[in-house]
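The values are calculated or read from the model by the stated rules, or taken from the named source; none is laboratory data. A quick note: this is a predicted structure, and the numbers were derived from the prediction, not measured. No Cβ is skipped: glycine too gets one built from the backbone with ideal geometry, and neighbour counts run over all protein chains shown. Surface accessibility is based on the protein's heavy atoms, side chains included, excluding ligands, DNA and RNA. Shrake-Rupley method; radii C 1.70, N 1.55, O 1.52, S 1.80 Å.
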Amino acid sequence: MTGARSSAIESQELKDLRAAVAALGKRHGRGHDREVLWAEAAKLGYLGVNLPEEYGGGGGGMAELSIVLEELGAAGCPLLMMVVSPAICGTVIARFGTEEQKRTWLPGLADGSRTMAFGITEPDAGSNSHRITTTARRDEESGGWILTGRKVFISGVDIADATLIVGRTEDARTGSLKPCLFIVPRDAPGFQRSQIDMELQAQEKQFELVLDEVRLPAASLVGDEDAGLLQLFAGLNPERIMTAAFAIGMGRYALARALTYARERQVWKQPIGAHQAIAHPLAQAHIELELARLMMQKAAALYDAGDDMGAGEAANMAKYAAAEACVKAVDQAVHTLGGNGLTREYGLAALITAARVARIAPVSREMILNYVSHQTLGLPKSY
């Protein structure tokens, strides 16, 4: 079983990080207190391991941050806001933010004292970012911005100090709308949130947002107004890498529970794990999780090396592979335990729903297949 064992392709420094985070996860485990774990992970430098050292981070990249989330997930205590706060928002601000924005936000994102949510999805846009209707127009009086629109399925807005909102501004030269990113404080007038009643029970809640003439200072725009699409994808690739880490960690957790049970559960003369009908599907689940991890490592390495195009392809593939491997691992773990797999005691039944998250968010597997067929294979676009 993988456990905390790392691939031979990882440096000793990454192996040491993996082992240290695995130990932290083991101390907290399935019944963890999210705030306590978040604070300890922050104190140890894990939350900001990808952020620049000059702003309080660890100076690493997505390779390090994905290890942190994977190992916490494998211990049964994933921190979902890691996908959003340091990975998406921290990366975008570190790469494209002004010096003032970096000084204001990065130290807090790195030490866990501040968090930031990310708002892109809209009720009528789905995966089509070109249909985003949240718009930003110049405030003639103040020189700032006025945002109007709606967002849906935005994680952790209630615990975030601000939300990085994807809006669209009008290009003065062409008249067309282009994406831009704005930092919207949680208490900004006109910024309203309502919790979505989810069947999925997660510590991080989902919200629908309404931006009703939200007035922001000029300094709330992240980076260059003309580089909006580049900035957006700078955040989306880390999001996919971290979703892969989340899924791989969950799959490993489920598989570990199943293996323990298969070694100990005895119905006839030997443990049920001795039977190929039990052993082989678990072996397949392990193989598929390991393969997904390799693609995640490739995506992280490409991204950290500055190859955004290569990272885009690999991050999508990693997210796809990890989601499928996670769903299959959870499903097989539940079947291995039989009726016990549906009890609260063993903690696998809740993962049946949670595992589907990685298939659906932040982009569906169908849209990834569209991306690969069009961008990688050169087939005609169907949409």
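Spatial offset of the stretch 362-383 relative to the stretch 215-246 amounts to 21 Å, using the alpha carbon center of each. With N as its number of residues, the stretch 157-222 has a Cα radius of gyration that, divided by 2.2 N^0.38 Å, comes to 1.33. In the stretch 63-192, the C-alpha radius of gyration followed by the widest Cα-Cα span (Dmax) gives 15.9, 53 angstrom. Spin-label model, Arg365 to Ala20: label points 7 Å out along the Cα-to-beta-carbon direction sit 3.6 nm apart. Distance from the C-alpha centroid of the stretch 47-99 to that of the stretch 257-285: 37 Å, rounded to the whole angstrom.
Residues whose amide H comes within less than 5 Å of that of Thr121, counting only those at least five positions distant or on another chain, are Val152 (H built at 1.01 Å from N in the peptide plane). Comparing Ser220, Ser129, Ser11 in a Gaussian network model of the chain (Cα springs below 10 Å), the most mobile by mean-square fluctuation is Ser11.
When all alpha-carbon pairs of the stretch 1-113 are counted, what percent fall beyond 18 Å? Cα-Cα pairs of the stretch 1-113 separated by over 18 Å account for 46 percent.
For the stretch 248-361, treating each Cα as an identical point scatterer without solvent, what Debye log10 I(q)/I(0) comes out at q = 0.12, 0.17 1/Å? Values, matching the q order: -0.46, -0.78.
Once the Cα-Cα distance is subtracted from the 0.36 nm per residue extended length, the Asp139 to Gln375 segment shows a gain of 81.1 nm. Size check on the chain: the Cα extents along the three principal axes, sorted descending, read 81, 48, 40 Å. Selection among Pro78, Val210, Gln192 by position relative to the dipole of the chain gives Pro78 as farthest towards the positive end (Cβ unit charges, Cα centre). When a 1.4 Å probe is rolled over the protein heavy atoms, the share of accessible surface on the chain that falls to carbon and sulfur comes to 53 percent. Taking the charge dipole of the chain about its Cα centre, with +1 at Lys and Arg Cβ atoms and -1 at Asp and Glu Cβ atoms, the residue from Ala325, Gly90, Gly341 reaching farthest to the positive side is Gly341. Each peptide in 194-200, 93-99 was scored by the mean count of other Cβ atoms within 10 Å over its residues; highest first, the order is 93-99, 194-200.
Over all directions, how big on average is the projection of the convex hull of the alpha-carbon atoms in the stretch 266-332, in square nanometres?
Values: hull surface 19.5 nm².
That works out to 4.9 nm².
Ellipticity at 222 nm from helices only: DSSP H runs of n ≥ 4 in the chain, each -39500 (n - 2.57), divided by the residue count, give -15500 deg cm²/dmol. In a fully extended conformation the segment linking Glu10 and Glu213 would gain 68.2 nm over its present Cα-Cα distance, using 0.36 nm per residue. Note: the stretch 318-376, Cα convex hull, 70 Å³ per residue. Loop-located trypsin sites (Lys or Arg not before Pro) in the stretch 296-383 (DSSP state not H, G, I, E or B) with no more than 10 neighbouring Cβ atoms inside 10 Å: Arg344, Lys381.
In the chain, Cα pairs under 8 Å separated by at least six residues give a relative contact order of 15 percent. Taken along the Cα-to-beta-carbon direction at a fixed 7 Å, the label points for Ala283 and Glu170 span 6.5 nm.
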